[in-house]
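**Student:** Below you'll find the structure I mean.
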Amino acid sequence: MYCVRTVTDNLYWVGANDHRLTLFENIHPIPKGVSYNAYLLLDKKSVLFDTVDWSACRQLLENIEHLLNGKPLDYLVINHMEPDHGASIEEILLRYPKVSIISTEKAFLLMHQFGFHVDGHECIQVQEGDTFSFGKHTVTFVAAPMVHWPEAMVTFDTTNGVLFSADAFGSFIALDGKLFADEVNFDRDWIDEARRYLTNIVGKYGPHIQLLLGKAAGILDQIKYICPLHGPVWRKDLGYFIDKYDKWSRYEPEVKGVMIVYASMYGNTEAAAQALAAKLCERGITDVAVYDVSNTHVSYLISESFKYSHIVLASVTYNLGIYPVMKNYLEDMKALNLQNRTFAIIENGSWAVKSGDLMQKFVEEELKNMTVLNERLSIASSLHADKAVELDKLADALAESLAEPEKG
Ligand code: FEO
């Protein structure tokens, strides 16, 4: 049975939802699922914008068949050929042998690499600024390299103001019937998953997102709809989400607050983290989030690290080093290019307290544009009352730093 939604006149969402996949890219948990969005334009010519993951291909085919109602599919525009969108290309070509494919040079190259056989079909190679008319609708193609792969482009329909934004402005969470961001409480129910998607998938490429946002800024008044490849379509309050993307891609925190991440073997470092959280709240700083690094998937930690201005790393010393899971979190921060944060450190060790110096060295030498507060809480095995002054000093230093004007 088909399952489609109307985006606007003659444009339809023909994608599918996936609640079966547990790990997106086989690494990021998606407990609320994900959608693979594809869009069908019925103009003088029919145009499919992108396909879906192989697991959702059957639904895509039923959706297209229903809307085409016996007519041929004329064009397939591939904005992004990563297999979660491109894996169904070949099946579309088999079903609609006369379809012409429009995409970038790099995308055609990658299609060959992945074994998506497009030979025998008209392959129309486009680049930045090229336009194409499907009847009433004329589109222009805009290069979007590294958002999220080098071949990516976005397509802007100048007739109805629809921006097919590829991975940009996407989000985890299956749509489950709701297509538009204004049909859900996005700021309450979706923003964390949208941030987790963006920061973990494309976080490394902030400057490339900035480049794309710069191009979009020139036509902002003409953009009426943003149609991403995952998550809801935006037709209202576009500025809200564009502003979030701008912040995330400039590595600017959304919230002045403190994220405390602890690595604890027997609960003692955890107790120190909790004691600091309480001290901060006593000082009126209630935007405090505490995470156990061992029990929180690193994708959530990364997302929260992009959200908060201040990060406290609390780690036990393990094999004379940083606790491995904490080290992995730090490495992920580096890989995803997180910048411009203020750190504080809590270290623990029973006979050789090393984790503090090692974490500070990593933050200062491996990450960009980070500040580490001088005050550090150093504990031997467990927190005792003799550390009350040190703990207060750390809480005071964080409070003072939070009160300072924003960096940058
Ligand atoms: Fe959703 Fe970069 O693919």
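The values are calculated or read from the model by the stated rules, or taken from the named source; none is laboratory data. In this text the structure is predicted, and so the values were computed from the model without any measurement. In this analysis, Cβ positions are derived from the backbone assuming ideal geometry, glycine residues included, and neighbour counts consider all displayed protein chains. SASA here: full protein model, heavy atoms, side chains in, ligands and nucleic acids out. Shrake-Rupley method; radii C 1.70, N 1.55, O 1.52, S 1.80 Å.
**Student:** According to the square roots a ≥ b ≥ c of the eigenvalues of the Cα gyration tensor, what is the shape class of region 64-104, taking rounded for a/c under 1.5, prolate for a/b larger than b/c otherwise, and oblate for the remainder? Spell out each step's value before the answer.
**Tutor:** Values: a/c = 2.07, a/b = 1.67, b/c = 1.24.
Prolate.
**Student:** Counting each DSSP H run of 4 or more residues in the chain as -39500 (n - 2.57), what helix-only mean residue ellipticity at 222 nm follows after dividing by all residues, to the nearest 500 deg cm²/dmol?
**Tutor:** On the way: 12 runs with 133 residues, N = 408.
Rounded to the nearest 500, it is -10000 deg cm²/dmol.
**Student:** Let me make sure I get this right: for region 34-184, a, b and c are the square roots of the gyration tensor eigenvalues over alpha carbons, sorted descending. Under 1.5 in a/c it's rounded, otherwise prolate if a/b > b/c, else oblate. Which is it?
**Tutor:** Details: a/c = 1.13, a/b = 1.08, b/c = 1.04.
Because its axes are fairly even, with a/c under 1.5, region 34-184 counts as rounded.
**Student:** Could you give me the radius of gyration and the Dmax of region 1-40, taking only the C-alpha atoms into account and expressing both in angstrom?
**Tutor:** Cα only, region 1-40: 12.6, 38 Å (Rg, Dmax).
**Student:** Between their Cα atoms, which of 32/244; 224/256; 256/368; 224/307; 98/204 are more than 30 Å away from each other? Let's see the in-between values first.
**Tutor:** Details: 32/244 21 Å; 224/256 32 Å; 256/368 19 Å; 224/307 28 Å; 98/204 39 Å.
Correct reply: 224/256; 98/204.
**Student:** For region 254-349, what does the relative contact order come out to in percent, with C-alpha contacts under 8 Å and a separation of six or more?
**Tutor:** Contact order relative to length: 37 percent.
**Student:** Contact order normalised by length for the chain, with contacts defined as Cα pairs under 8 Å and 6 or more residues apart; what percent is it? All intermediate terms of the calculation are to be shown ahead of the outcome.
**Tutor:** Details: 856 pairs, mean separation 44.3, N = 408.
RCO, the chain: 11 percent.
**Student:** Counting every Cα pair in region 311-376, what percent are over 16 Å apart?
**Tutor:** Details: 837 of 2145 pairs.
Everything past 16 Å amounts to 39 percent.
**Student:** Same structure, new question: Between region 232-267 and region 375-399, how many Å separate their Cα centres?
**Tutor:** With region 232-267 and region 375-399 each reduced to a Cα centre, they are spaced 28 Å.
**Student:** For residue 5 and residue 215, what is the calculated FRET efficiency with R₀ set at 22 Å and r taken between the beta-carbons, to the nearest 0.05? Spell out each step's value before the answer.
**Tutor:** Working: r = 28 Å, r/R0 = 1.26.
Efficiency, from the Cβ-Cβ distance: 0.20.
**Student:** Rounded, prolate or oblate: which one fits the chain, using the alpha carbon gyration tensor with axes a ≥ b ≥ c (rounded when a/c is under 1.5, else prolate when a/b beats b/c, else oblate)? Write out the running numbers ahead of the final one.
**Tutor:** Details: a/c = 2.59, a/b = 2.34, b/c = 1.11.
Prolate.
**Student:** Any chance you could run the full-extension gain for residue 278 through residue 389? It's 0.36 nm times the residue separation minus the Cα-Cα distance, nm to one decimal. Let's see the in-between values first.
**Tutor:** Numbers: separation 111, 0.36 × 111 = 39.96 nm, distance 1.44 nm.
In short, 38.5 nm is gained.
**Student:** Counting residues in region 98-175 as N, plug N into 2.2 N^0.38 Å and put the Cα Rg over that result. Numbers along the way, then the final one.
**Tutor:** On the way: Rg = 13.6 Å, N = 78, 2.2 N^0.38 = 11.5 Å.
Cα-based Rg divided by the globular estimate yields 1.18.
**Student:** Express the accessible area of region 1-144 per residue in Å², computed with a 1.4 Å probe while the remaining protein chains stay in the model. Numbers along the way, then the final one.
**Tutor:** On the way: 6750 Å² over 144 residues.
Per-residue value: 47 Å².
**Student:** Also, I was wondering about something else. Using only Cα atoms, what is the ratio of the radius of gyration of region 109-153 to 2.2 N^0.38 Å?
**Tutor:** After normalising by residue count via 2.2 N^0.38 Å, the value is 1.36.
**Student:** Let me ask something else. Could you tell me what percent of the accessible area of the chain is made up of carbon and sulfur, with a 1.4 Å probe and every protein chain present?
**Tutor:** 50
**Student:** Another question about this same structure. Name the aspartates and glutamates eligible as straight-distance cross-link partners of residue 334: C-alpha to C-alpha under 18 Å, and not fewer than 8 places from it in the same chain.
**Tutor:** Filter leaves 252, 304, 357, 364, 365, 366.
**Student:** Restricting the calculation to Cα positions, tell me the Rg (one decimal) and the Dmax (whole number) of region 9-75 in Å.
**Tutor:** Cα only, region 9-75: 13.6, 42 Å (Rg, Dmax).
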